[in-house]
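Engineer: Could you have a look at this structure, given as C-alpha cells, before my questions?
The values are calculated or read from the model by the stated rules, or taken from the named source; none is laboratory data. On a predicted model such as this, the values are computed, not experimentally measured, just so you know. As a convention, Cβ positions derive from the backbone with ideal geometry for all residues, glycine included, and neighbour counts pool all protein chains shown. The accessibility values were calculated without ligands, DNA or RNA, using every heavy atom of the protein model including side chains. Shrake-Rupley method; radii C 1.70, N 1.55, O 1.52, S 1.80 Å.
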Amino acid sequence: MADHYELEKKQFTETFGSGGEIRVVRAPGRVNLIGEHTDYNDGFVFPMAIEPHVLITFRARADGHVRLATTIFPGQIAEFSLNQKIAIGQPKWANYSKGMAAMLVGAGIPLVGMDAMLSNTLPMGGGLSSSAALEVGTGRALLALAGTDVTGAMLKKLPEFCTCPACSQKARDGVKLDSLWSHSGADPKSVLALMGQRAEHEFGGTPSGIMDQTIVSAGRAGTAMLMDCRDLSKQFIPIDPAALRVVIANSMVNHELSGGEYAERRSQCEEGAAFFNARALRDVTMEQVNAAHGKLPEIVFKRCRHVVGEISRATEAAKQLVAKSYDRVGELMVQSHNSLRDDYEVSTDELDYLVVESMKIDGVYGARMTGGGFGGCIVALVKPDRVDALVSHLNAVYPTKVGKKPEIYVTTATDGAKVVE
Ligand code: GLA
C-alpha cells in the first residue's frame, strides 16, 4: 500500500522538505473495557487497542537532532539534541516524545536523529491514551531508525526508581517504589511500555500505571488483553465481531490527569494497602475491606472497596466474554461505572448521563466510563445491528442536555504500535 499515507507524507515534506526514505509508525489509542484504577494496585485490566490513532511520519537526520511537528499546532516545531540532556520544555505536546527519547538514550541505544510529523485521529486529552500513543509511537520510530529493539536487560541502565514528584514524595514517605529493574525479564513490547510509563511520569506529569503504554505497545488485532499488572503477563481474548461492537462516546469534557486527583487516588490506595499490611490492594479481599469499615477513614475505605471489587470484576468479565455471556459482561461494566462514580469519585455528570442513556437502548449489553475519568469517554458493548440506534440516540439527546455534540467511535480491536510503512 505504497500510497496509503500520501497525505501524511505531503504534510511531512511541506514542513521538512523532500528526499530520503520517509516511513510511518501507527500507534493506536486504547479503550479499557473494565478494570479501572486497578493497574497501580497490581491488579487486572482488560483494554484493547482501537482504530483512532497517532501517525508518526519520520525520516532520519544525520546530526543527532530530533525535530517534531504536529498537524494540531501547525507551524510549531520542537527541537532537541540526542547528544545533550533531554529536558521537559515547551511546547507541552512534545514532552511525551522527548521523554521516550530520553529513556532510549538512557538505556544506551545509539539513536539516530529524526524529523517527525505527528498527526492523529485520536482526540488529544480525550481519555483514550493519546499520550501513551505518542510515547510508544515515538519509541517505535526511533528504534526503527536505529535498526534495533529494546531488551529487558536495558532497563538496568536506567535509574532504578522514578524521579517524578509523586514517586519522589512516596520515597520520602517511606512507601516502597516499583523498581524498573524488577522487570528485566520482560518482552520488548512490555519493556517499551515500561519506558513509556516512566516518560509519562517524568515528562508528562502524571504518575500513571502501566495499562495504557502496554496496550498501545502490545495490543493484538481482534482481541482484548487481560493483563496482570503485577507480573505483566497477558492473555489475549478474542472479541467476536459477529456478536459485538465496541462503541466509544467522548463527553467532550476536558480530561487532565496531571491535575492532582489521579495522584491523590493513588496515595489513598497506598494508605489502604498499608492499613492492611499488604504489598498492594491486589492482595486484599472484600471481606477484609468490609471488616475495616469504621476503622479506615471513610474515603480510603471507599477507594479500597472500588479497587478490590474492580479487580474481581475485570477477571470475571474476561471469563464471561470467553463464555459469550455478554449480558453478564454488560452487568459487570455497569457495576464498574457505579463504583467509579460513587466509591472512586472519578466520573462526571456528563459521563453518567452518557451511560444511563446508552443503557436505555435495546441491544446495549453494558456501558461505563473508561480511562482515568474526570471527563473523557464512555465505552459500550453493543450488538452489531443496534449500533446505529445507539449512535443516533446519543447524538440526539446529548447536545440537548449538555450543549455539545459527543464524538462517537465504533471500533474494532487493532494491533499495537508498529511501523506500517
Ligand atoms: C489512566 C492511567 C492508567 C490507569 C487509568 C485508570 O489512563 O494512565 O495507568 O490507571 O487511568 O484505570
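Engineer: For segment 122-131, indicate whether the set of residues that are away from the ligand (no atom under 16 Å from the Cβ) and either buried (at least 20 other Cβ atoms within 10 Å of the Cβ) or in contact (Cβ under 8 Å) with a residue 40 or more places away in the chain (or both) is non-empty.
Structural biologist: no
Engineer: Just to check your reading of the model, which residue among Val284, Val246, Val322 is β-branched (Val, Ile, Thr) and out of contact with any strand residue (DSSP E or B) (no Cβ under 9 Å at 6 or more places or on another chain)?
Structural biologist: One residue alone meets the criteria, Val284.
Engineer: Additional query: Please go through segment 100-121 and pick out each residue that is touching an Asp or Glu at 6+ places or on another chain (Cβ under 9 Å), away from the ligand (no atom under 16 Å from the Cβ) and either under 21 Å from Glu8 (Cβ atoms) or small (Gly, Ala, Ser) (or both).
Structural biologist: Ala102, Gly113, Met117, Ser119, Thr121
Rundown of residues vs (1) open to solvent by 50 Å² or more (accessible area, probe 1.4 Å); (2) more than 29 Å from Glu135 (Cβ to Cβ); (3) at pLDDT 95 or above, yes/no style:
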| residue | (1), (2), (3) |
| --- | --- |
| Ala318 | no, no, yes |
| Arg328 | yes, yes, yes |
| Leu354 | no, no, yes |
| Arg386 | yes, yes, yes |
| Lys418 | yes, no, yes |
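Engineer: Can you give me the number of residues within segment 147-157 that are in contact (Cβ under 8 Å) with a residue 40 or more places away in the chain, among the hydrophobic types (A, V, I, L, M, F, W, C) and open to solvent by 10 Å² or more (accessible area, probe 1.4 Å)?
Structural biologist: Final tally of qualifying residues: 1.
Engineer: Can you tell me which residue is nearest to Gly219 (Cα to Cα) among those in segment 170-198 that are assigned to a helix (DSSP H, G or I) and among the hydroxyl-bearing types (Ser, Thr, Tyr)?
Structural biologist: Per the criteria, the residue is Ser190.
Engineer: Of everything in segment 164-212, what is at pLDDT 95 or above and either exposed (fewer than 15 other Cβ atoms within 10 Å of the Cβ) or among the acidic types (Asp, Glu) (or both)? Give them in sequence order.
Structural biologist: Residues satisfying the conditions are Asp187, Glu200, Glu202, Asp212.
Engineer: Out of the residues in segment 230-263 meeting the condition of being part of a loop (DSSP other than H, G, I, E, B) and within 16 Å of the ligand (Cβ to nearest atom), tell me which one is modelled with the lowest pLDDT.
Structural biologist: Result: His255.
Engineer: Report, ordered by the first and then the second residue, all pairs with beta carbons closer than 6 Å, sequence separation of six or more or different chains, a first member in segment 189-211 that is under 16 Å from Met103 (Cα atoms), and a second member that is within 11 Å of the ligand (Cβ to nearest atom) and not in a helix (DSSP H, G or I).
Structural biologist: Close Cβ pairs (under 6 Å, with a partner that is within 11 Å of the ligand (Cβ to nearest atom) and not in a helix (DSSP H, G or I)) amount to Gln197/Ile210; Glu200/Thr206; Glu200/Ser208; His201/Pro207; Ile210/Cys229.
Engineer: Now for a different question. Looking only at segment 27-58, how many residues end up being surrounded by fewer than 24 Cβ atoms within 10 Å (Cβ to Cβ) and away from the ligand (no atom under 16 Å from the Cβ)?
Structural biologist: Adding up the residues that qualify gives 1.
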